[in-house]
1. Check cross-link reach from Lys336 to the aspartates and glutamates: straight Cα distance under 12 Å, and skip same-chain residues fewer than eight apart.
2. Could you pull out every one of the aspartates and glutamates with an alpha carbon less than 18 Å from that of Lys250, ignoring same-chain neighbours closer than 8 positions?
3. Per DSSP helix of 4 or more residues, -39500 (n - 2.57); summed, then divided by the residues of the chain. What does that give at 222 nm, rounded to the nearest 500?
4. Quick check: Cα centre of the range 288-343 to Cα centre of the range 179-256, how many Å?
5. Picking from Ala299, Asn24, Phe360, whose Cα lies most toward the positive end of the charge dipole for the chain (charges on Cβ: Lys, Arg +1; Asp, Glu -1)?
6. So, in Å, what gap is there between the alpha-carbon centers of the range 413-466 and the range 107-162?
7. Of Thr475, Ser445, Ala428, which is farthest on the positive side of the dipole of the range 424-476, counting Cα position, with +1 on Lys and Arg Cβ, -1 on Asp and Glu Cβ, and the Cα centre as origin?
8. If you place +1 on the Cβ of every Lys and Arg and -1 on the Cβ of every Asp and Glu, how big does the dipole about the Cα centre of the chain come out, in debye to the nearest 20?
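Every read-out reported here was derived from the displayed coordinates using simple, explicitly stated rules and does not represent laboratory data. Given the structure is predicted, the values throughout are model-derived calculations rather than measurements. Positions of Cβ are generated from backbone atoms using ideal geometry, with glycine treated the same way; all protein chains shown enter the neighbour counts.
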Amino acid sequence: MQQIPHFIDGKRIYDAERYGPVYNPATGEQEKEVAFASPARVDEAVAAAAQALPAWRSASLAKRSAVFYRVRQLLMERKSELAAILTSEHGKVLSDAEGEISRGLENIEFATGLSHMLKGERTEQASTGVDVHSIRQPVGVVACITPFNFPAMVPLWMIGSAIACGNTVLLKPSEKDPSSSLFIAEIFSEAGLPDGVLNVVQGDKEAVEHILDHPDVKAVSFVGSTPIARSIYSRAAASGKRVQALGGAKNHMVVLPDADLEMAADAAISAAYGSAGERCMAVSVVVAVGDIADDLVDAIRSRMGSLQIGAGTDASSEMGPLISAEHRDRVASYVKNAAAEGATVVVDGTEQQFDSDGFFIGVSLVDNVAPGMKVYDDEIFGPVLSVARVETYADAVRMVNENPYGNGAAIFTRDGGAARQFEFEAEAGMIGVNVPIPVPVGTYSFGGWKDSLFGDTHMYGPESIKFYTRGKIVTTRWPDPSTSKIDLGFPQVD
Ligand code: NAD
């Protein structure tokens with residue numbers, strides 16, 4: 001059985017007291033096992049990161065930036081190798097895996113510009129003969145804890161900016177698909193990142209809790225489900241760390257009566273079933289406004305039959321399996337219970353048969369959903385698209401805003417005024433106008449509102465520079481010695 005190790009201080013470490021299974025979701029077979037870090041292993045990784053910190057934070061910005069240029073080059077050259085790892089452990093189709101890596105690379109490209117991002121401000125003559133300038137310095141050892149659904153992109157969201165800012169990092173990837181983090185860490189090493197700057201600690205809850213309580217870890221970036229994000233936020237904050245904890249989602253796509261219904265149906269299908277719905281920005285609820293609902297449901301249903309579901313390594317597959325058998329059964333249960341809740345199951349994908357023991361499930365469409373039904377209220381995280389029918393634009397916005405999640409929200413319309421109003425009043429962190437999955441490009445930051453993010457700083461892009469640094473303001477005077485005098489009064493600006 002292939003073993004997946006930790007990567008601490010530039011070395012692979014295989015020893016562990018506990019291991020977890022890693023499956024190939026397309027075959028249903030356990031192909032690997034991953035070492036689980038004990039608290040002592042976490043201590044070792046934190047110590048390695050703490051030891052590497054003084055030299056790395058002293059490295060010139062030019063030297064740091066050069067590492068990112070090389071990382072980018074190496075990741076481009078080895079993209080298909082990394083994509084194959086993603087597909088073998090996560091299940092997503094290879095083209096989608098490559099797309100994920102490309103989106104992650106945006107954060108490495110952003111990090112190459114670190115000398116621009118770390119520029120401070122300077123005020124000359126703030127007071128007579130006194131200048132003031134600001135600098136940003138690293139926070140120290142940073143922990144990055146990531147989910148299974150983007151095993152390359154989400155680590156890249158975090159580690160690029162964290163390392164660029166001069167911090168050293170402990171990356172704790174999902175135990176379900178841990179190999180890509182190891183691959184990425186070794187790429188950084190090959191690109192010249194000094195040992196100990198980026199460490200990968202594999203493991204589960206036990207490792208995470210020890211990281212959260214560790215006094216030498218100064219900041220925590222987390223992405224995962226809402227209940228865990230909420231608990232990570234409070235536990236890490238209780239030990240005095242800064243925290244950004246991104247949670248789950250229930251993303252609404254509002255379709256106004258004037259929208260191009262064919263385009264809206266294509267977008268809904270792509271955004272609901274891509275990556276088998278295991279995306280935090282997946283569209284899970286289409287909100288059909290006015291009398292277009294029947295036509296829109298027909299347009300979506302007519303496209304569903306032709307979707308190719310199969311192993312991610314098969315070039316004809318458009319959608320792969322789910323991450324585990326338990327998750328597949330949980331997803332199926334929402335479709336099975338939907339009719340009893342009062343919804344209409346238009347297409348039941350849970351009945352589809354596959355010639356494989358992989359964790360496959362067909363695509364489902366559930367109409368007439370409403371708040372109060374579990375199929376609407378819960379994040380299903382599978383290929384189940386719900387349709388809610390409302391009378392007016394105002395009803396649609398109310399539904400979006402009353403939902404406890406607030407990651408992304410999209411509107412499909414030809415009416416610029418309606419789109420502008422939606423942008424103004426929709427309570428979500430990322431808005432799409434005729435764009436179903438509005439994941440911001442790497443020069444902006446990513447984050448939701450409400451139960452989709454605990455903390456105040458969004459991830460990657462400009463906000464990440466703020467998160468991974470501490471501000472310092474320096475007030476300077478170079479006085480003429482002849483003007484020196486004693487003055488016990490509080491310094492005044494003059
Ligand atoms: P998860 O919350 O189960 O796990 C995330 C991380 O937390 C993993 O590293 C895991 O090992 C760790 N973890 C799990 N249980 C823990 C516990 N009890 N205590 C401490 N640590 C624990 O999430 P997942 O199933 O891996 O990922 C899917 C979820 O992530 C979905 O809810 C999805 O919406 C969300 N997600 C959100 C975003 C976003 O940007 N908001 C992006 C991607 C995924």
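1. Within the straight-line limit of under 12 Å, Lys336 reaches these aspartates and glutamates: Asp348, Glu351.
2. Output for Lys250: Glu278, Asp367, Asp377, Asp378, Glu379, Asp395, Glu402, Glu423, Glu425, Glu427, Asp451.
3. -11500 deg cm²/dmol
4. 30
5. Asn24
6. With the range 413-466 and the range 107-162 each reduced to a Cα centre, they are spaced 21 Å.
7. Projecting each Cα onto the dipole axis, the largest value belongs to Thr475.
8. It comes to approximately 1980 debye.
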